[in-house]
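The values are calculated or read from the model by the stated rules, or taken from the named source; none is laboratory data. All figures in this text were calculated on a predicted structure; none of them were measured in a lab. No Cβ is skipped: glycine too gets one built from the backbone with ideal geometry, and neighbour counts run over all protein chains shown.
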Amino acid sequence: MVSLLSRTLHFASVFICLIVIASFAVFAVNQTSSASAHQQEVLNNEVAKPSTASVSGATGASASSSHESAVHEALDEASKVFTSPFDGITAGWSSEWLIRSANLGLALVLYGFALGYLARLIRVRL
């Protein structure tokens, strides 16, 4: 019984950490690829005015978000569920990179370290 509880906590810890890491990795890849495309447009002088760039950037973001894969959407939703306890900490922050990084770090500490520690403690004590 105790061994089963300890294993369940350990596997839950690993599973949650993998989901949060995968979600952050997908976010980072999407952000860097869109930044690269924008920089290539700027270098090729395709973006003439800042007002045009902001309009085209807004439509490009909505178009790319509508084409997200089901796996990507599921990862994001699961990650939001697991990182929602940290929303109060990151509520006033404006940088998406900072919010995602803080959520990743806090989730790894809470779910990775704390749940893993609890699983080991249960296995040793009981």
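Please verify whether Ala61 is part of a helix (DSSP H, G or I), modelled with pLDDT of 90 or more and surrounded by 11 or more Cβ atoms within 10 Å (Cβ to Cβ), treating the condition exactly as stated.
no
Might you check whether a residue that is out of contact with any Phe, Trp or Tyr (no Cβ under 6 Å at 6 or more places or on another chain) and at pLDDT below 85 occurs anywhere in region 8-25?
There is no residue in region 8-25 that is out of contact with any Phe, Trp or Tyr (no Cβ under 6 Å at 6 or more places or on another chain) and at pLDDT below 85.
Output the number of the condition that Arg123 fails; it satisfies all remaining conditions of (1) modelled with pLDDT of 90 or more; (2) assigned to a helix (DSSP H, G or I).
Result: Arg123 fails condition (1) only.
Tally time: how many residues in region 6-27 are of a type in the set (Gly, Ala, Ser), touching a Lys or Arg at 6+ places or on another chain (Cβ under 8 Å) and farther than 16 Å from Tyr111 by Cβ?
0
Just to be sure, is Gly116 farther than 26 Å from Val29 by Cβ, touching a residue at least 60 places away in the same chain (Cβ under 8 Å) and surrounded by fewer than 17 Cβ atoms within 10 Å (Cβ to Cβ)?
Considered against the rule, which asks whether it is farther than 26 Å from Val29 by Cβ, touching a residue at least 60 places away in the same chain (Cβ under 8 Å) and surrounded by fewer than 17 Cβ atoms within 10 Å (Cβ to Cβ), Gly116 comes out as yes.
If the requirement is being closer than 20 Å to Ser34 by Cβ, out of contact with any Phe, Trp or Tyr (no Cβ under 8 Å at 6 or more places or on another chain), loosely packed, with under 12 Cβ neighbours inside 10 Å and modelled with pLDDT of 90 or more, which of these qualifies: Ser95, Ser54, Ser69?
Among Ser95, Ser54, Ser69, only Ser95 is closer than 20 Å to Ser34 by Cβ, out of contact with any Phe, Trp or Tyr (no Cβ under 8 Å at 6 or more places or on another chain), loosely packed, with under 12 Cβ neighbours inside 10 Å and modelled with pLDDT of 90 or more.
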